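The values are calculated or read from the model by the stated rules, or taken from the named source; none is laboratory data. Just so it is clear, the model here is predicted, and its values are computed rather than measured. Every residue, glycine among them, receives a Cβ derived from its backbone with ideal geometry; neighbour counts consider all protein chains shown. When the accessible area is computed, the model is the full protein with side chains, heavy atoms only, and any ligands, DNA or RNA have been set aside. Shrake-Rupley method; radii C 1.70, N 1.55, O 1.52, S 1.80 Å.
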Amino acid sequence: MAAIEKIGAGNVNMIVLIEPSQIALKRAAAHCRKLVPTANIITICSDFDSLNPADLPKPTSNVAVNVFSNVLDMDCFSQQHLIGLAESMFRDKNYFVCASPFTNEAAIARLETFRYHFQTNYPTFRLYHDEANSAIGEYWMCNNRYYYGINRHGGSPYCGDYYGDNGCYRRWTRVLKVFSV
């Protein structure tokens, strides 16, 4: 949703949602309709490995923004197949927003491999944002710090021990890569 807000809802004419869970797909479509009511929202209830390029709509714009949220770190699909699907939808300019929790090094390696494919195979590759925070490293945000605008750290049974400037033990983690080809 943040990517749509950054691009501007008026600049989005088609959204393709791919998700194997019908419930999650309906919820995602509802959020997209609320944010971009004029966009053509196409929902595909499938896993990546079951899709072929012919199953995917052709973008109507010369610019495509591909958002992969909490999926590239999973090892339940063929990454090469997903890359082929993404490449089959390429336009003149292709942006990728790849976000995932920092769960472990092996999972993050899958996200890095995805980025590396485009970096090594496309001379137009450009990296805009590359950030990672693990639960051990740099403080990003306590999971329980804000609740309806109120600082809740320490006031919630879910808070962990507080480590001074490094925040609560129960911190959000993230890996975020934004690039274009």
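Inside the stretch 91-119, residues that are assigned to a helix (DSSP H, G or I), aromatic (Phe, Trp, Tyr) and under 13 Å from the mean Cα position of the chain (by Cα) make up a count of 1.
If you go through the stretch 17-27 and keep only what is open to solvent by less than 80 Å² (accessible area, probe 1.4 Å) and either part of a loop (DSSP other than H, G, I, E, B) or at pLDDT below 90 (or both), you end up with Glu19, Ser21.
Checked against the criteria, Asn40 does not count as open to solvent by 70 Å² or more (accessible area, probe 1.4 Å) and either in contact with a Gly (Cβ under 6 Å, 6 or more places away or on another chain) or within 24 Å of Ala109 (Cα to Cα) (or both). Scanning the stretch 43-57 for residues that are under 17 Å from Met74 (Cβ atoms), of a type in the set (A, V, I, L, M, F, W, C) and either open to solvent by 90 Å² or more (accessible area, probe 1.4 Å) or not in a loop (DSSP other than H, G, I, E, B) (or both) yields a single hit, Phe48. Filtered by the rule that a residue be in contact with a Ser or Thr (Cβ under 8 Å, 6 or more places away or on another chain), exposed (fewer than 15 other Cβ atoms within 10 Å of the Cβ) and free of Cβ contacts under 8 Å to residues at least 60 places away in the same chain, the stretch 79-110 gives a lone residue, Arg91.
Residue-wise test of (1) hydroxyl-bearing (Ser, Thr, Tyr); (2) under 23 Å from Glu112 (Cβ atoms); (3) modelled with pLDDT of 90 or more.
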{"position": "Asp47", "(1), (2), (3)": "no, yes, yes"}
{"position": "Ser69", "(1), (2), (3)": "yes, yes, no"}
{"position": "Leu72", "(1), (2), (3)": "no, yes, no"}
{"position": "Gln80", "(1), (2), (3)": "no, yes, yes"}
{"position": "Ile83", "(1), (2), (3)": "no, yes, yes"}
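Is at least one residue of the stretch 58-78 open to solvent by less than 80 Å² (accessible area, probe 1.4 Å) and part of a helix (DSSP H, G or I)? Among the residues of the stretch 58-78, not one is open to solvent by less than 80 Å² (accessible area, probe 1.4 Å) and part of a helix (DSSP H, G or I), which makes the answer no.
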